Amino acid sequence: MRHLGGRPLTVAGGLLLGLLLAAVLLALNVMGVHVDERPPPRAATTTRPGTPLTGNQPELTRALLSRTDLGDRFTPAPTPPAPSRTPDATEPAPEPSVPDAPVPRAERCRTLFDAPWELVPTGHELTDQATTDLNPSGGTGGSAPALPLLPRLRQTLSRFADDGAAAAYDAIRTSVADCRTFETTLEDGTLATVSLHELEVASGGADGAYAVRITAVGGDRVLTGYLAVGRVGQMLSVLRTVGPEGTVDSGDADPTLDLAVDKMELIEDLIDSD
């Protein structure tokens with residue numbers, strides 16, 4: 001009997017090893033866990049009713065005015081963070097608000113001048129809010145000088161789950177009627193007398209459109225600007241700008257508000273069609 005040499009044994013061993021490896025790979029392929037390459041679904045975002053957000057709804061963010069809308073007069077500045085209303089677990093729960101308690105006129109007038117979008121009566125559910133600042137072209141965005149030195153157009157767009165938009169719109173108009181002339185403190189601490197004069201604006205397709213010219217006289221300075229408010233369904237847009245006399249044209253209130261209303265109408269139609 002002939003004995004197999006070393007080379008035939010090596011070849012046979014290699015073939016056997018190859019067959020074993022192929023069998024192992026086949027078994028792993030059959031028994032292994034299938035990997036789904038699709039991205040996992042996003043977890044649903046839950047928020048406490050009434051908690052203000054900053055443009056978490058893409059549709060609301062797209063309804064904000066942009067540099068494209070206003071031309072080269074303004075450039076968008078970074079969006080400021082929304083205030084957090086999530087209570088600390090270690091803090092006691094806040095006392096329930098009293099809807100019928102009147103807000104002092106001086107406080108209401110100051111809010112009307114500084115942050116009119118905060119004039120929302122209690123008991124209304126704010127579901128989303130987006131804010132943008134637009135500084136004059138050539139400004140440096142978030143590092144822009146303070147308000148008395150450089151005009152800044154701020155737009156706050158809010159959406160409500162109920163009739164809060166109508167309530168806020170009426171609250172602003174009522175406050176204007178009660179704050180035709182009042183005193184307030186500017187950002188640099190200067191005491192100023194503020195006067196409000198109603199402007200004529202076209203309502204277009206809005207459920208409400210209103211604007212006033214702002215004049216603030218303090219020390220040796222005069223500041224001018226405007227406040228323009230538009231409502232479309234459950235959405236409310238508040239536009240406010242003030243700057244040194246001659247830097248803000250109150251005549252811009254009408255076309256700027258008209259642009260804001262047009263964008264809100266498009267977004268409202270989009271949301272209603274979903």
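Projecting the Cα atoms of 224, 212, 199 onto the charge dipole of the stretch 197-274, computed from C-beta unit charges around the Cα centre, puts 224 farthest toward the positive end. Listed values for the stretch 243-250 are Karplus-derived 3J(HN,Hα) couplings in whole Hz (6.51 cos²θ - 1.76 cosθ + 1.60, θ = phi - 60°), namely x, x, 3, x, 9, 10, 9, 5, and x replaces Gly and Pro.
For the listed peptides 122-129, 167-174, 154-161, a ranking on the average number of other beta carbons within 10 Å per residue, highest first, reads 154-161, 167-174, 122-129. Database remark: amide H of residue 125 closer than 5 angstrom to the amide H of 161, 162, 164 (H placed geometrically; neighbours at sequence offset of 5 or more, or on other chains; Pro and chain starts carry no H).
Using a ≥ b ≥ c from the Cα gyration tensor of the stretch 164-274 (square roots of the eigenvalues), is it rounded, prolate or oblate, where a/c under 1.5 gives rounded and otherwise the larger of a/b and b/c decides, a/b for prolate? Prolate. Of the GluC sites (Glu not before Pro) in the stretch 145-233, the ones in a loop by DSSP (not H, G, I, E or B) with at most 12 other beta carbons within 10 Å are 187, 200.
For the stretch 103-110, 3J(HN,Hα) computed residue by residue from phi via the Karplus equation (6.51, -1.76, 1.60; θ = phi - 60°) reads 7, x, 4, 4, 5, 5, 5, 5 Hz, glycine and proline entered as x.
Bear in mind that the values in this text are calculations on the coordinates, not laboratory data. Quick caveat, the model's predicted, so the values are computed rather than measured. Note: ideal-geometry Cβ built from the backbone for every residue, glycine included; neighbour counts use all protein chains shown.
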